[in-house]
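The values are calculated or read from the model by the stated rules, or taken from the named source; none is laboratory data. Note that this is a predicted model, so its numbers are computed, not measured. Glycine gets a Cβ as well: all are built from the backbone with ideal geometry, and neighbour counts include every protein chain shown.
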Amino acid sequence: MAAIEPALLDKSATIKMLHDACELEHMLCVQYLYAAATLAHGGDPGITAVRAALTEQWSHQLTRIAVQEMYHLTLANNILIALGAAPLLWRPNFPQPASRYSDINLPSTLTPFDRDTVNRFLCWEKPEPDGWWDAFCAECGRQAHARLNLAMPPARSGRTARSPNSTTRSRRRSWVIRSGSTGRPRPGRSPAPSFR
């Protein structure tokens, strides 16, 4: 059995981490939906049937990812309720500075679907272990700040570039694993973990 992080033994710290997870999942969901809504559709000027079919596939994939983020938001809120806390459906307005959710200076913002937006999404979802993607995502963060005319946050001393939200996402994974949820509903069972 895995050791429980000391911070998770403190109810108020656990609730704070769940609040962070709720905000992050809500922010990601809205960003994915916004990008999907900005894609061209069949019947738009200059859109061929082949391109319309392709953008429809992209839109459906982005929507599926947004639904996954909604499910994660639901899981976090279910755990908050089980702990006796109120559910959290609030999120800050866009854009959010990189330092809010990202250790590699990746901002949360609403941008239309394009290569830069896809790269930012890749960095939000990248694996936690160090790898080739760290330099790629750091550059993606710099480009996003330049594109949005946002000041780059100061470098954090003593910290290495980790997954854009390795802290919150790893905490989310920890409580999802401990709650017995795989993130997918099992046949014949409720998608929400049981807290009895």
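Observations on the model:
- Residues satisfying the stated conditions in the stretch 126-141, i.e. touching a residue at least 40 places away in the same chain (Cβ under 8 Å) and either surrounded by 15 or more Cβ atoms within 10 Å (Cβ to Cβ) or at positive phi (or both): Gly141
- Complete set of residues in the stretch 53-107 that are touching a Lys or Arg at 6+ places or on another chain (Cβ under 6 Å) and hydrophobic (A, V, I, L, M, F, W, C): none
- Subset of the stretch 126-143 [modelled with pLDDT of 85 or more and either under 17 Å from Phe94 (Cα atoms) or in contact with a helix residue (DSSP H, G or I) (Cβ under 8 Å, 6 or more places away or on another chain) (or both)]: Phe136, Cys137, Cys140, Gly141, Gln143
- Residue in the stretch 74-94 that is surrounded by 20 or more Cβ atoms within 10 Å (Cβ to Cβ), aromatic (Phe, Trp, Tyr) and under 17 Å from His19 (Cβ atoms) present: no
- Scanning the stretch 56-90 for residues that are in contact (Cβ under 8 Å) with a residue 40 or more places away in the chain and among the small types (Gly, Ala, Ser) yields Ala76, Ala82, Ala85.
- When each of Ala36, Ala52 is tested for being within 30 Å of Asp134 (Cβ to Cβ) and assigned to a helix (DSSP H, G or I), the lone residue that passes is Ala36.
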